[in-house]
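Read-outs throughout are calculated quantities, based only on the coordinates presented, and are distinct from any laboratory measurement. Note that the structure is a prediction, hence the values are computed from the model and not measured. When we count neighbours, we look across all protein chains shown, and the Cβ atoms used for this are built from the backbone with ideal geometry, even at glycine.
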């Protein structure tokens, strides 16, 4: 049984603003959009109405990186401490990802 790390979302503001803008609009209004992001907004950049990327506060991106690092460290430790012969890291990652289905 694999235990998942607890996800801390306390860094998120309760009144988070989510805005969708086209990439061409973002090019023309980047300074204003960055002001919104600095205030805590998430700006989704779209092309043909589909989200391609997002501008998020640096704190949120850093938090996601930390969560990812914690997750992979936990998974690596579980793999390293499992009984049996050593397995190449790429095989370990592939097996863990295959077991993370919906």
Q: With an 8 Å cut-off on Cα pairs and a minimum separation of 6 or more residues, tell me the relative contact order of region 15-56 in percent.
A: 43 percent
**Q.** Relative frequency of Cα-Cα separations exceeding 16 Å in region 15-56, percent
**A.** 26 percent
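Report for region 12-77 the percent antiparallel among DSSP-assigned beta bridges with both residues inside it, nearest 5.
Working: 5 of 10 bridges.
Here the antiparallel bridges make up roughly 50 percent for region 12-77.
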Q: Calculate, for residue 67 and residue 94, the FRET efficiency according to 1/(1 + (r/R0)^6) with r their C-beta to C-beta distance and R0 25 Å; round to the nearest 0.05.
A: 0.75
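Using the Cα atoms of region 58-102 to build a convex hull, what is its mean projected area in square nanometres?
3.9 nm²
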Q: Mind checking the full-extension length gain between residue 85 and residue 30? Use 0.36 nm per residue of separation minus the Cα-Cα distance, one decimal, nm.
A: 14.5 nm
